[in-house]
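Here, each number is a calculation from the coordinates, and none is a lab measurement. These numbers were taken from a predicted model, which means no experiment stands behind them. Heads up, the Cβs are rebuilt from the backbone with ideal geometry, glycines too, and the neighbour counts pull from every protein chain shown.
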Amino acid sequence: ANSTGNDIYISFRDAATRPAISFPEDYGFIMGTLGEDGALFASGGRDGDDVNVDGFEGLETTKRFLRLKNGTGSTIYFHRYKTFGRRDRKDWSVTLEMGELVLGVATGVGWAAVATNKNYVRIFSTGGAQ
């Protein structure tokens, strides 16, 4: 069971060449794009404010650290349409550091890229190497 209860469903015009794809969506994606090799998605970040520190008897700086430690940046997920290797290595994901949020996604033959609010363009191979 996935945490969001959502599924991604991708269908192509020429179903004989590329069959429909469906998979669970666990990250809370806010954007995505389709390319020749696969689909690239990105989520928003998590700021850690949902960490419950109410009964914690500690300094405010410790509570702030616990919130920061549990926050993340955006998660990038690439779903490859086909694979010749092991199925468990077909797709990949990367979670950025806290505060780094994806603003745009793009993909092409052999590559996937994201632009972030930190003024980075992160380029990956469709195998996941940055």
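At what distance in nm do the modelled label points of K82 and F23 sit from each other, each positioned 7 Å from its Cα along Cα→Cβ?
1.6
Distance from a point 7 Å along Cα→Cβ of Y9 to each backbone N in the range 15-35: keep the residues under 15 Å and list them by number.
20-25
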